[in-house]
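In what follows, a structure is listed as structure tokens, so that the remarks can point back to it.
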Amino acid sequence: MAASLKDALQQPKPLIGTLLTTASPEVAEVLEHGSLSIQDAQRAIQAIAGRCFAVVRVADGTAENIKRVLDTGCDGIIAPHVNSATEARRIVALAKYPPTGERSVGLGRAQGYGLSFAEYMATANDRVAIIVQIEHVDAVANVSEILAVQGIDAIFVGPYDLSGSMGILGRVSDTRVVEAIGKVRGACTASKVPFGIFFGASEPALAAIRQGARLVAVGTDLMHMANSARKTLEALFQQQPAHGKEG
């Protein structure tokens, strides 16, 4: 595993994960990715520590939320609904310690509860990844300006909210949504900023990877559990011997 998520985002191998929706360290340990309440997210991060990268989607871009999430010791944050360069600059400022930014000092898990305070403070600005989420038509229109903000390590597209902002909620295969995603992907390529996206299934996720996506989230923990259970049952029923037939 790369030294940091920021380093891994610059390597050719795509980063693939899923969304954790249940407050279960056991599930996090198996699926190794997460985004929950801050307390549950920290427990999930503790369960997978050192074995994969953990990215937390903050509830919003407030100073309090960003500080509390980063103090869990996550490898990066995803900031939702970033629609302008001004909003992107604010996220970067809140996620970085002075003099680069405005992040306030804490003594949480990230800092070893004070035991590794100096080490964390010296490296956090260079190690913690800041990912902004593009999920509105306004953000698509402003994507070049957003990408020009110093300190952004990746862009992550939310197709479902993006489709909702177009008045076609859930129709992520609609030409208008596909074209908007393509515009963001093209802008990321031109700016050499890693492009990320969420899909509910493996087929479109694989297509996105072939088109250059560097950060891909596929489905959720419960989706994977349900799909696995369904496939098991289908296989069992298909293998049952026929009854009532004469030999």
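If packing is taken as the average count of other Cβ atoms within 10 Å, what order do 87-94, 199-206, 4-11 fall into, highest mean first?
Most protected by this proxy first, the peptides run 87-94, 4-11, 199-206.
How big is segment 44-188 by the Kirkwood estimate over distinct Cα pairs, in Å?
About 16.0 Å, per the Kirkwood formula over Cα pairs.
For Glu145 and Asn125, calculate 0.36 nm times their separation in residues minus their Cα-Cα distance, and state this gained length in nm to one decimal.
Gain on extension, Glu145 to Asn125, equals 5.0 nm.
Roughly how much of Thr62 is accessible, in Å² to the nearest 10, using a 1.4 Å probe?
My reading of the accessible area for Thr62 is about 60 Å².
Quick one: which residues, 5 or more positions from Gly17 or on another chain, have an amide H under 5 Å from its amide H? H modelled 1.01 Å from N in the peptide plane, none for Pro or chain starts.
Val216, Ala217, Val218
Starting from the Kirkwood Rh over alpha-carbon pairs, what translational D in µm² s⁻¹ does segment 126-226 have by Stokes-Einstein at 10 °C and 1.306 mPa s? Each step should come with its number before you reach the end.
Details: Rh = 13.9 Å.
The Stokes-Einstein estimate is 115 µm²/s.
Kindly flag which residue pairs out of Lys67/Lys231; Lys13/Lys96; Lys6/Lys183; Lys67/Lys192 have an alpha-carbon separation exceeding 30 Å in this structure. Mind dumping the intermediate values first?
Details: Lys67/Lys231 42 Å; Lys13/Lys96 27 Å; Lys6/Lys183 23 Å; Lys67/Lys192 28 Å.
Lys67/Lys231, as the Cα separations exceed 30 Å there.
Give me the percent of accessible area attributable to carbon and sulfur for segment 124-199, probe 1.4 angstrom.
50 percent
Rounded to the nearest whole Å², what accessible area per residue is found for segment 73-169 with the 1.4 Å probe?
On a per-residue basis, segment 73-169 sits at 42 Å².
How many angstrom lie between the Cα centre of segment 111-149 and the Cα centre of segment 54-106?
Segment 111-149 and segment 54-106 have Cα centres separated by 6 Å.
For the pair Arg171 and Glu64, how long in nm is the line joining their label points, each one 7 Å along Cα→Cβ?
4.0 nm
Need the full-extension length gain, Thr86 to Leu206, defined as separation in residues times 0.36 nm minus the C-alpha distance. One decimal, nm. Numbers along the way, then the final one.
Numbers: separation 120, 0.36 × 120 = 43.20 nm, distance 3.28 nm.
Taking Thr86 through Leu206 to full extension adds about 39.9 nm, to one decimal.
Report the accessible area of Tyr113, computed with a 1.4 Å probe over the heavy atoms of all protein chains in place, in Å² rounded to the nearest 10.
Its heavy atoms expose roughly 130 Å² to the probe.
The values are calculated or read from the model by the stated rules, or taken from the named source; none is laboratory data. Everything numeric here is computed off the predicted structure, so don't read it as measured data. Counting neighbours? That spans all protein chains shown, and the Cβs are built from the backbone with ideal geometry, glycine included. Note: accessible area is taken over every heavy atom of the protein model, side chains too, but ligands, DNA and RNA are not part of it. Shrake-Rupley method; radii C 1.70, N 1.55, O 1.52, S 1.80 Å.
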